[in-house]
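Okay, structure first, notes after.
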Amino acid sequence: MVIAVDFDGTIVEHRYPAIGKEMFFAFETLKALQKDGHQLILWTYRHGASLDAAIDYCRKNGVEFFAVNSSYPDEEMDGSLSRKVNADMFIDDRNFGGFPGWGVIYQTLSDNSKTRDNEYWLKLERATDRTLCGFLKRIFCGKY
């Protein structure tokens, strides 16, 4: 799969424009996903010097991305195009239900690569159910 990965709040803690501390198991998981054959795209709000700093930080931690803020290497962006990239999956801390953690993400994706059926979605739903359930209760009930 082609997987687009956010930087701030996903690979590292939110400290923009600085670089926060690494999220638990972020680089181990990204390297394992690459080893499993997935192509990773860095998909972030960052640009210019702050983007270069993020790319360098990932490189120093052993992760080189297939593309950065684009669907493929050397794609030319003229500024009139959306920065939404063509990916099979997006890993972002602002997903509905929140960020489940790198362990849950890897377990779910590695199980999916073995089963290739609807069981993948059921596992992801169970893994995020507590977060989503708490989120929905806060919206509709105002409490847990």
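The values are calculated or read from the model by the stated rules, or taken from the named source; none is laboratory data. Keep in mind that this is a model prediction, so the values were computed, not measured. All Cβ positions, glycine included, derive from the backbone under ideal geometry; neighbour counts span all protein chains shown. Please note that ligands, DNA and RNA were not included when accessible areas were found on the heavy atoms of the full protein model with its side chains. Shrake-Rupley method; radii C 1.70, N 1.55, O 1.52, S 1.80 Å.
Anything in the range 50-66 that is free of Cβ contacts under 8 Å to residues at least 24 places away in the same chain and either open to solvent by 40 Å² or more (accessible area, probe 1.4 Å) or closer than 17 Å to M23 by Cα (or both)? List them, or say none. Scanning the range 50-66 gives D52, I55, D56, R59, K60, E64. Of all residues in the range 19-34, none are touching a residue at least 40 places away in the same chain (Cβ under 8 Å) and in contact with a Lys or Arg (Cβ under 9 Å, 6 or more places away or on another chain).
Does N69 count as open to solvent by less than 40 Å² (accessible area, probe 1.4 Å), among the polar types (S, T, N, Q), at pLDDT 55 or above and closer than 25 Å to K31 by Cα? Spelling it out, N69 is indeed open to solvent by less than 40 Å² (accessible area, probe 1.4 Å), among the polar types (S, T, N, Q), at pLDDT 55 or above and closer than 25 Å to K31 by Cα. Filtering the range 37-49 to residues that are open to solvent by 20 Å² or more (accessible area, probe 1.4 Å) and within 18 Å of A67 (Cβ to Cβ) leaves G37, H38, Q39, W43, Y45, H47, G48. Based on what the data block shows, is D52 of a type outside the set (F, W, Y), over 12 Å from the mean Cα position of the chain (by Cα) and either assigned to a loop (DSSP other than H, G, I, E, B) or more than 18 Å from F25 (Cα to Cα) (or both)? Against the criterion (of a type outside the set (F, W, Y), over 12 Å from the mean Cα position of the chain (by Cα) and either assigned to a loop (DSSP other than H, G, I, E, B) or more than 18 Å from F25 (Cα to Cα) (or both)), D52 qualifies.
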